[in-house]
Amino acid sequence: VGVPVGTIFGVYLVKAGITNEQQALRPGNELVAAGYCNYSSSTAFVVAIQGEGAPVELDLTRGSSNSHGDFMEARTLACPMRGQTYSLNDARFQDWPEGLRAYITDVRSGNGATKKQYSARYVCSLVTDFHRTLYIGGGGGNPR
């Protein structure tokens with residue numbers, strides 16, 4: 001159906017003397033790198049190594065005829081302090097906690113703290129929703 005999808009990954013240094021299960025269940029503060037790929041009309045690859053973010057995008061229109069495109073540096077990775085979108089499954093609105101329903105009702109109509117009217121942008125693909133929110137600001141989640 002052409003819905004964007006993605007992959008989230010983390011990289012740890014291998015620790016000697018622990019099981020494979022223990023390797024896989026280590027805490028996030030032991031990561032040496034982490035990132036995600038978002039596969040859509042363009043492919044975005046974002047990786048952070050020891051805290052430094054480096055977003056790149058795969059441009060399929062560039063490169064030689066023998067390649068699958070060229071990676072190029074993407075725009076600066078910085079999430080705005082506040083955005084005008086939210087990424088929540090509105091079909092489940094009645095199942096949300098009352099406080100969240102009241103907040104979303106207010107911001108949809110421009111009655112929130114910023115007095116700006118918010119809109120929904122929900123794909124139901126975690127990586128795609130996160131990628132968009134990272135660049136344009138806003139909020140997201142999966143309340144139940």
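The values are calculated or read from the model by the stated rules, or taken from the named source; none is laboratory data. Values in this document were obtained by computation on a predicted structure and should not be read as measured data. Just the protein is used for accessible areas: all its heavy atoms, side chains included, with ligands, DNA and RNA removed. Shrake-Rupley method; radii C 1.70, N 1.55, O 1.52, S 1.80 Å.
Result for the chain in a Gaussian network model with C-alpha springs under 10 Å: among G35, G83, G17, the largest mean-square fluctuation is at G17. Debye-formula intensities of region 68-141, expressed as log10 I(q)/I(0) at q = 0.16, 0.18, 0.20, 0.27 Å⁻¹, are -0.62, -0.75, -0.88, -1.30 (one equal scatterer per alpha-carbon, no solvent).
Considering only Q84, Q50, Q23, the mean-square fluctuation computed in a Gaussian network model of the chain, springs between alpha carbons under 10 angstrom, is largest for Q23. Distances between placed amide hydrogens fall under 5 Å for S40 paired with no residue 5 or more residues away or on another chain. The apolar share of the surface of region 85-144, taken as the fraction of accessible area on carbon and sulfur atoms (1.4 Å probe, ligands and nucleic acids excluded), comes to 53 percent.
Computed on protein heavy atoms with a 1.4 Å probe, the accessible areas place C124, C79 in the order C124, C79, largest first. Given the alternatives [x] 0.99; [y] 1.05; [z] 0.93, Rg/Rh (Cα atoms, Kirkwood Rh) as computed for this entry is given by [y].
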